[in-house]
2 protein chains.
Amino acid sequence: MVPEQTTSRDDLPPVQVQPIGYVVTGYDRPEVAPPQATENFGERASLVVYERYADGLSGLENCPHIWLVTWLHSQREDEAAELRCVPRGLTGTGERRGVFSTRSPNRPSRLGMSLVRVAEIDGNVIHFYGVDLVDGTPVLDIKPWVRGTDVPPRG
Amino acid sequence: MVPEQTTSRDDLPPVQVQPIGYVVTGYDRPEVAPPQATENFGERASLVVYERYADGLSGLENCPHIWLVTWLHSQREDEAAELRCVPRGLTGTGERRGVFSTRSPNRPSRLGMSLVRVAEIDGNVIHFYGVDLVDGTPVLDIKPWVRGTDVPPRG
């Protein structure tokens, strides 16, 4: 299908997203948090979902792995605004990459995606393995990890 | 690590996220859009990134697959607010699941994650394969797909 007419969409306004809860972890600032949840699947933390969203957790007990879509609140304002950054693997080389080609937490949107393993669900609290988030990070969404959706076809 | 003290974080305020661009597709409403990008890898569409973010695309030519983190603007307000929904596989059964255990586009955050394949990058326009988005959907972030980050360990 080809659109008959596509309007220009300059200056789309910011969107507003309401956090559904927050994580409780042992890391009080980004510098001490592990870089990737999947590299720290041995550690456990929890996600407190506000009571008013708790009904949305029904069925989650059947999801072994979930995405936490987060807002990386503790990144520094000046760093988050940078469009070029030094990715982890290039530290010391002086080479900078466009932020959208990296998984750096310093990014304009401040949006994070942490893939974690569900350990236990206790009412509105999800205990999980896989910790890369600073204590108090707002969680905007939870989605089940699904191989058919989250791995490229023939990938 | 265990936090010494974790403050309660009731009523976290909404976060604001600035779109970095928008997609151009042939679908003018959710009802006609394919349900998953990975199920429609044969179709091509494009993402227009605002010029002021274009420098952040450097290096993306080395990323075969990318995530588009989107704001699903065309979902109906009443449906997006629902905490229970009928997932695709259960249509007709009357069974409803908690929205956080599904990939339904109707969700409180309205946040979407589309995994797509980069076809070509032409300045600030990314042509990609894998289309499940309605024309004009705001894109909030682009992240490279990385097996080590996006597939559970021993998954």
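Read-outs: derived from the displayed coordinates by stated rules, not from any lab. Worth saying up front: this structure is predicted, and the values here are computed from it rather than measured. Positions of Cβ are generated from backbone atoms using ideal geometry, with glycine treated the same way; all protein chains shown enter the neighbour counts.
Values as computed for the structure displayed
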| quantity | calculated |
| --- | --- |
| Net charge over other residues, Cβ less than 14 angstrom from the Cβ of A:Glu31 (K, R count +1; D, E count -1) | -1 |
| Inter-copy separations for A:Glu61, label at 7 Å along Cα-Cβ, nm, ascending | 5.3 |
| Label-point separation in nm, A:Arg44 to B:Glu31, each point 7 Å along Cα→Cβ | 4.8 nm |
| Charge dipole (the protein assembly as shown, unit charges on Cβ, about Cα centre) - positive-most of A:Asn40, A:Pro138, B:Pro153 | B:Pro153 |
| Built amide H within the under 5 Å cut-off of A:Ala119, gap 5+ | A:His127, A:Phe128, A:Tyr129 |
| Neighbourhood net charge (11 Å Cβ-Cβ; Lys/Arg +1, Asp/Glu -1) for A:Val131 | -2 |
| Burial ranking of peptide ranges B:114-127, A:135-148, A:86-99 (average Cβ count within 10 Å, highest at the top) | A:135-148, B:114-127, A:86-99 |
| Reference-scaled alpha-carbon Rg (2.2 N^0.38 Å with N residues) for the protein assembly as shown | 0.95 |
| Rel. contact order, % - alpha carbon contacts under 8 angstrom, at least six apart, chain A | 39 percent |
| Total charge dipole magnitude, the protein assembly as shown, about the Cα centre, Cβ charges on Lys, Arg, Asp, Glu only, Debye to nearest 20 | 720 debye |
| Averaged over B:76-88, number of beta-carbon atoms from partner chains that fall within 10 Å | 1 |
| Copies compared at A:Val125 - label distances in nm, ascending, label defined 7 Å from Cα in the Cβ direction | 5.3 |
